[in-house]
Amino acid sequence: GLCDFVTIEDKFSLQTSLFSTPDERTDQVRGRLDAVLIASRVAPLTTHIGLVPTATVTHTEPFHVSKALATLDFVSNGRAGWRMQNSFFAHEAAHFGRRTVAPFGADPTDPAAVQAGIDHFDEAADFVEVVRRLWDSWEDDAEIRDSASGRFIDRDKLHYVDFEGRWFSVRGPSITPRPPQGQPLVTALGHQRIPWRFGGRSTDVAYITPKSTEEAAETVAVIREAQAEYGRTDETVHIFGDLVVFLEADSKLAARRKADLDELDGAPMLSDAEIFAGDPAALADLLLDRASAGLTGFRLRPGAIPHDLTNIVDLLVPELQRRGVFRLEYEASTLRGLLGLPRPRNRYAAQRPEPAPVAAPSD
């Protein structure tokens, strides 16, 4: 379908309804495979599409996440990304037993909940910063691989990251060379002002869930404000709108299929994102309307897999191509390239002093 990338969900809990605790149902799939490992398995079987697995930061360590995603970038030849996710649930924290987790969520008027949210996302911002520094801890040409001299690495081109913060104290460097993209894509989903601001502060792609064009414009303004506040005005931060899609060539068929699935499940589908059921022309109209609010792309969630994923490729993509708003072929070999993002310069190479000039010998 010529899409930019596919995201792969993951969590430290069983699959349940939105924001709910584990239940006792046995008629639905409840287990999970590791998203980063799925992406690494898929990478050699694909050639163009980006692979963006979820990795939770709350109970993990930046060193391990940075190494896993750098490895994915090598395996995929520069098509790796990361969907950063926090964990807000006590039952997930209980799997690890190392910390309690302050709740964050529904009540923006509760000062304790607001502070918990600030702490969660400040910690996530530090986590992302450490990961980015570790990706840069090897300069691009640090590997010598000179069998004659027995030298594999130029030690002067490996760097301590020396990060000291409230949550992490990381010396580095990484044990994995700098990824092919320099910095794999960092993405995150947000539903409220605090995570929206995190998107402008720390990500390359922020996913949002507006239910109207007006709401989309308001959310975009918050993210752009944070982007400027954190000194990223010159950087490209994409903002993608999330949308659940039930798609058919006939809109009535799409609505009827969704209703049948709701009946089978015993309740209407709930989602944090807007739910669309209709035909490709109506969906294209909706996407273009939302784009007018400043969205730079969309993350479509198929209502049923593989049916709606197949219809997105076979029905929606041709409709968008007819309107001249979607690519006809892949124009870059890396995920950053597909999104028009430059390969970042290594921060430590930029800081490394130039060699001192050597005076010519006198006569």
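Quick look at the values:
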{"read-out": "With every protein chain in place, segment 29-143: carbon and sulfur % of accessible area (1.4 Å)", "value": "60 percent"}
{"read-out": "HN-Hα J in Hz across segment 176-190 - Karplus 6.51, -1.76, 1.60, θ = phi - 60°, x for Gly and Pro", "value": "10, x, 4, x, x, 7, x, 10, x, 4, 10, 10, 7, 9, x"}
{"read-out": "Accessible surface ranking that places the most exposed of Lys211, Lys11 first, with a 1.4 angstrom probe", "value": "Lys211, Lys11"}
{"read-out": "Principal axis dimensions, largest first and in whole angstrom, of segment 158-254 by Cα", "value": "59, 29, 26"}
{"read-out": "From phi via Karplus (6.51, -1.76, 1.60), per-residue ³J(HN,Hα) for segment 54-60 in Hz, x at Gly/Pro", "value": "7, 9, 7, 9, 5, 10, 10"}
{"read-out": "Calculated diffusion of segment 72-136, Stokes-Einstein form, Kirkwood radius summed over Cα pairs, 10 °C and 1.306 mPa s, µm²/s", "value": "113 µm²/s"}
{"read-out": "Radius of gyration, Dmax [the chain; alpha carbons; angstrom]", "value": "22.5, 95"}
{"read-out": "Burial order of peptide ranges 74-87, 51-64, 327-340, 286-299 (average beta-carbon count within 10 Å, highest first)", "value": "74-87, 51-64, 286-299, 327-340"}
{"read-out": "Segment 158-202: trypsin sites (Lys or Arg not before Pro) in DSSP loop, at most 13 other beta carbons within 10 Å", "value": "Arg166, Arg171"}
{"read-out": "GluC sites (Glu not before Pro) restricted to segment 229-301 and DSSP loop, no more than 13 other C-beta within 10 Å", "value": "Glu235"}
{"read-out": "Cα-only radius of gyration and Dmax that characterise segment 24-88, units Å", "value": "13.5, 42"}
{"read-out": "Percent of alpha-carbon pairs separated by more than 13 Å within segment 263-309", "value": "67 percent"}
{"read-out": "Segment 25-141: proportion of alpha-carbon pairs further apart than 22 angstrom, %", "value": "47 percent"}
{"read-out": "5 angstrom amide H check on Arg299, placed H, neighbours 5+ away", "value": "Gly241, Asp242, Leu243"}
{"read-out": "Most mobile of Phe96, Phe240, Phe152 in a GNM of the chain (Cα contacts under 10 Å)", "value": "Phe152"}
{"read-out": "Neighbourhood net charge (15 Å Cβ-Cβ; Lys/Arg +1, Asp/Glu -1) for Pro268", "value": "-3"}
{"read-out": "Within a Gaussian network of the chain (alpha carbon springs, distance under 10 Å), most fluctuating of Ser251, Ser40, Ser147", "value": "Ser147"}
{"read-out": "Hz values of 3J(HN,Hα) by residue in segment 317-328 - Karplus curve (6.51, -1.76, 1.60), Gly and Pro given as x", "value": "4, x, 5, 5, 5, 4, 8, x, 10, 9, 4, 9"}
{"read-out": "Amide hydrogen neighbours beyond the local backbone of Ile153, cut-off 5 Å, H modeled", "value": "Ile144, Arg145"}
{"read-out": "Segment 16-95, relative contact order in percent, only Cα pairs under 8 angstrom and at least six apart counted", "value": "31 percent"}
{"read-out": "Per-bin percent of Cα-Cα distances, segment 77-187 [10 Å]", "value": "13, 30, 29, 17, 8, 2, 0"}
{"read-out": "Gain upon complete extension [Ala282, Leu253; 0.36 nm per residue less C-alpha separation]", "value": "9.1 nm"}
{"read-out": "Accessible surface, per residue, of the chain when the full set of protein chains is kept, probe 1.4 Å, Å²", "value": "51 Å²"}
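The values are calculated or read from the model by the stated rules, or taken from the named source; none is laboratory data. Note that the coordinates shown come from a computational prediction; the quantities given were computed from them, not determined experimentally. Positions of Cβ are generated from backbone atoms using ideal geometry, with glycine treated the same way; all protein chains shown enter the neighbour counts. The protein model used for the area step is the full one, side chains on, heavy atoms only, and it has no ligands, DNA or RNA in it. Shrake-Rupley method; radii C 1.70, N 1.55, O 1.52, S 1.80 Å.
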